[in-house]
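The values are calculated or read from the model by the stated rules, or taken from the named source; none is laboratory data. All of these numbers come straight from a predicted model, not from anything done at the bench. Counting neighbours? That spans all protein chains shown, and the Cβs are built from the backbone with ideal geometry, glycine included.
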Amino acid sequence: MIPYKQLSLADIFTDCQNKFDNDKYEFLSILDETINLDEIVPVSFVSHFHAATGRPRRHQLYPMLKALLLQLIFSIPTTSLLIVFLKYSQELRDFCGFDVVPDASKFTRFKQDFLLDLQSMFDHLVDLTEPICQRIDKHKASMLLFDTSGIEAWVTENNPKYANRIIRQLKAFKKTNGLDDSYDPYKAAYSSMPAHAAANPAIQQTYINGHFCYAYKFGIITNGLGIVRDISFFNKDFLKAHPDIVVEKKSDSPDEDKSLADSKALIPVLKDFFQKHPLMNPKTFLGDAAFDSAEIYKYLLEDTSIEKAYIPLNGRMALPKADCPLNENGIPCCPKDASLPMKREGSRSHLRCGLPTMKFVCPKMKWVYDKETRKSKRVCHCENPCTESSCGRMFYIYPEKNLRAYPGTIRGTDEWNSTYKIRVAVEKSINHFKDSFCVAGRKTQNEKTLHADLLLAGITQLITVLVVDKIHKHQYIRSLKPLIA
């Protein structure tokens, strides 16, 4: 006979509690255990949110932040779809702490009203994650990678039909007037299109990923691990504080205009970055050829803690009054045969002033060991020597006299090639923000909303770093999606 047991109210409650704890999604449990918003959210953010407004807030700060973080982690493209997920998932509502799911306008107003607080939260997370990045890979964590991109706005000018109509008209104009191939309808279309969208002057025409569009432009700094360190939104306030960054459309070449804009944006962005994070001392900078200018090299290598700048050349260069020609990588070559680059032999300075030097020797010089003296000496094996010295030609370069030619490292070497490949990390981060975090697909013209979406994407990536560090799974430092499965 099966014995019967009288169930008490406590037994029923315990059974329900166990089922709730055991049936909860493992991924949400990991987030609940590892994310401590009390440590992440600045006190100023909490104070601003709970400031007297005349009526109590129905939806609290932490639930709103958790919902927006889940939207980015799960790659939910729109706020309306996020609301659907919250309404039909009890687990998500319990994780966020919602009794009633907010409507779309509540999320939009939250982003716009607390934009500056989201910026302070992002900057705080950068400081929190810096020691973690240093522990994971100190070499890559000491790098700064910079690039610019844009978020296309929901305006008429971004409709493909808008540009195609102008191009068709210019093609007809070329055919009617019998113009030769020197007339390019595509370049003419770029120069004839307005510099900004009619709906909002802040939506500027720019050139992104091989096509020109109307977008809000931003700059992003990451380290060598691809973890974001700074986000600069080039809005009216930023441009007013940094007037040098403004570059008007001056030519019919979108590539040239973009390069000029990028080069002028770098120094103001880095100045703001070092001002916000004075304890960070990066040693290496990686950028594309758009930053190849003497002004940028001087700032990087003389005014900051950066010791090496990996920036490709965008044109040929030469040393004044030098009898050894330079190749495209800035390496001196044999005076009688420019196809033979000289060999690098150390960079230790023997000058009393201690200035760093780079020593190059004849490409046909070899070290020969003398058994009698038990020492090695240089011997030049050139058939047509350019000097009477038995050691061959030696050439010294003083990098401080030409930082563009020698930005703390030598182009074309194995070290240069292996290090510069890391620059793709910043492009991957931008793509991750736009695609995985769905920042690029927002159908809005509002500047504050797009700016907040960009900051929330950075906050989500930095919280990912905190989560994977606590669970000791650093292989997921860029994305938590493998943990969802």
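In the stretch 208-241, of all residues being small (Gly, Ala, Ser) and within 18 Å of ASP123 (Cβ to Cβ), the one that is modelled with the lowest pLDDT corresponds to ALA241. Of everything in the stretch 372-413 that is β-branched (Val, Ile, Thr) and surrounded by 13 or more Cβ atoms within 10 Å (Cβ to Cβ), the residue that is modelled with the lowest pLDDT is ILE397.
Of all residue pairs spaced 6 or more apart or on separate chains, those with beta-carbon atoms under 6 Å, a first member in the stretch 281-300 that is among the β-branched types (Val, Ile, Thr) and a second member that is surrounded by fewer than 23 Cβ atoms within 10 Å (Cβ to Cβ) are THR284/LYS308. Within the stretch 185-208, identify whether any single residue is of a type in the set (D, E, K, R) and over 30 Å from GLU130 (Cα atoms), and answer yes or no. Yes; the residues of the stretch 185-208 include at least one that is of a type in the set (D, E, K, R) and over 30 Å from GLU130 (Cα atoms). Of everything in the stretch 160-217, what is part of a helix (DSSP H, G or I) and touching a residue at least 60 places away in the same chain (Cβ under 8 Å)? Give them in sequence order. Correct list: LYS187, ALA188, TYR190, SER191. Residue selection: ILE430 fails the criterion of being crowded, with 17+ Cβ neighbours inside 10 Å, assigned to a loop (DSSP other than H, G, I, E, B) and outside the structural domain of LEU81 (by TED's automatic domain parsing).
On the given criteria, is VAL126 in contact with a strand residue (DSSP E or B) (Cβ under 9 Å, 6 or more places away or on another chain) and either aliphatic (A, V, I, L, M) or surrounded by fewer than 14 Cβ atoms within 10 Å (Cβ to Cβ) (or both)? Criteria met by VAL126. So ALA425 passes all but one of these: (1) surrounded by fewer than 19 Cβ atoms within 10 Å (Cβ to Cβ); (2) out of contact with any Asp or Glu (no Cβ under 9 Å at 6 or more places or on another chain). Which condition number does it fail? If we test ALA425 against (1) surrounded by fewer than 19 Cβ atoms within 10 Å (Cβ to Cβ); (2) out of contact with any Asp or Glu (no Cβ under 9 Å at 6 or more places or on another chain), just (1) comes out false. Report whether or not LEU72 is in a helix (DSSP H, G or I), closer than 19 Å to ASP113 by Cα and within 24 Å of the chain's Cα centre (by Cα). In short, no.
Condition check for GLY97 on (1) modelled with pLDDT of 90 or more; (2) touching a Phe, Trp or Tyr at 6+ places or on another chain (Cβ under 8 Å); (3) small (Gly, Ala, Ser); (4) over 26 Å from GLU39 (Cα atoms): one failure, at (4). The number of residues in the stretch 264-279 that are over 16 Å from ASP303 (Cβ atoms) and assigned to a helix (DSSP H, G or I) comes to 3.
Taking the stated definitions as given, is ASN314 at pLDDT below 85 and within 30 Å of ALA141 (Cβ to Cβ)? So ASN314 fits the description; yes. For the stretch 293-309, the criterion of being aromatic (Phe, Trp, Tyr), within 17 Å of TRP416 (Cα to Cα), modelled with pLDDT of 80 or more and in contact with a helix residue (DSSP H, G or I) (Cβ under 6 Å, 6 or more places away or on another chain) is met by none of the residues.
If you scan the stretch 334-359, which residues turn out to be under 16 Å from ALA405 (Cα atoms), part of a strand (DSSP E or B) and either over 36 Å from the mean Cα position of the chain (by Cα) or modelled with pLDDT under 80 (or both)? ARG344, MET358, LYS359 - these are the residues of the stretch 334-359 that are under 16 Å from ALA405 (Cα atoms), part of a strand (DSSP E or B) and either over 36 Å from the mean Cα position of the chain (by Cα) or modelled with pLDDT under 80 (or both). Checked against the criterion of being under 26 Å from THR129 (Cα atoms) and either modelled with pLDDT of 90 or more or surrounded by fewer than 14 Cβ atoms within 10 Å (Cβ to Cβ) (or both), the candidates LEU72, LEU9, LEU81 yield just one match: LEU72.
Confirm whether PHE74 is among the aromatic types (Phe, Trp, Tyr) and either in the same structural domain as VAL439 (by TED's automatic domain parsing) or farther than 23 Å from PHE45 by Cβ (or both). Answer is yes for this residue.
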